[in-house]
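Here's the structure, in structure tokens; my notes come after.
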Amino acid sequence: MAPATKEVAITIPQMDIRVLQLKVVGDSPLICHAWSSKAKKMMLDKQMKKAKTAKESKDPDQDFKESLYSLPDGGYGFPAVAFKSAAVDACSHVDGLTKVSARGSMHIIGDMVQIEGTPTMREDMVRVGMGTADIRYRGEFRAWSCMLTLRYNAAVISDEQVVNLFNTAGFAIGVGEWRPQRDGSFGMFHVG
């Protein structure tokens, strides 16, 4: 005899997806460090076990230009995921939200956000593998801002919590090189 089948009604709770635009204003300079075409080629050559060539001479202007995230329209951008990661990590500094909950309840639309500001070249002494000193030339936005367009589930996180997370992220985590999360003071911001 076949087991009896029973119809069961399934109720799926509705998500409350909303869109929010946040203007983020820099409180300290934003240091960019995009992967240069030269660095990508060196990594690929190493993975493909190609023979090494002599080290090329340093071109500070080229290093500066390649450290920036250029947009197709000619402007400059920064990875959107950096801002989301900062907001998720900020959950450690606020009550009532877990990183898992924040990560799944909000998303920044797009791969890159456009940075408003003018980059300048900075020269930094750094330590690389085995403690060897080197000079790095990177782009820095001393005064900067950007617009973040977020989709979030208001059934999980409120707009007040979203804004609070991004404000906390700007102070405690930051974005870019030498940010507070990495013991620096660059890339700090607030919601404006």
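Observations on the model:
- Filter pass, Val25 being among the β-branched types (Val, Ile, Thr) and not in a strand (DSSP E or B): no
- Search result, residues across region 5-25 that are among the hydrophobic types (A, V, I, L, M, F, W, C), farther than 23 Å from Met106 by Cα and open to solvent by 100 Å² or more (accessible area, probe 1.4 Å): Val8, Ile10
- The conditions of being aliphatic (A, V, I, L, M), in contact with a Pro (Cβ under 8 Å, 6 or more places away or on another chain) and either more than 24 Å from Thr149 (Cβ to Cβ) or open to solvent by less than 80 Å² (accessible area, probe 1.4 Å) (or both) are not met by Leu97.
- Those strands (runs of 3 or more DSSP E) of region 105-157 in which 1 or more residues are touching a residue at least 60 places away in the same chain (Cβ under 8 Å) occupy 112-116, 119-128, 132-141, 145-153.
- All positions within region 62-94 that are open to solvent by 10 Å² or more (accessible area, probe 1.4 Å), farther than 26 Å from Gln161 by Cα and assigned to a helix (DSSP H, G or I): Gln62, Asp63, Phe64, Lys65, Glu66
- For region 140-191, filtered to residues that are open to solvent by 70 Å² or more (accessible area, probe 1.4 Å) and not aliphatic (A, V, I, L, M), the residue that is farthest from Lys99 (Cα to Cα) is Arg142.
The values are calculated or read from the model by the stated rules, or taken from the named source; none is laboratory data. Because the structure is a prediction, the values reported are computed rather than measured. As a convention, Cβ positions derive from the backbone with ideal geometry for all residues, glycine included, and neighbour counts pool all protein chains shown. Only protein heavy atoms, including side chains, enter the accessible area calculation; ligands, DNA and RNA are left aside. Shrake-Rupley method; radii C 1.70, N 1.55, O 1.52, S 1.80 Å.
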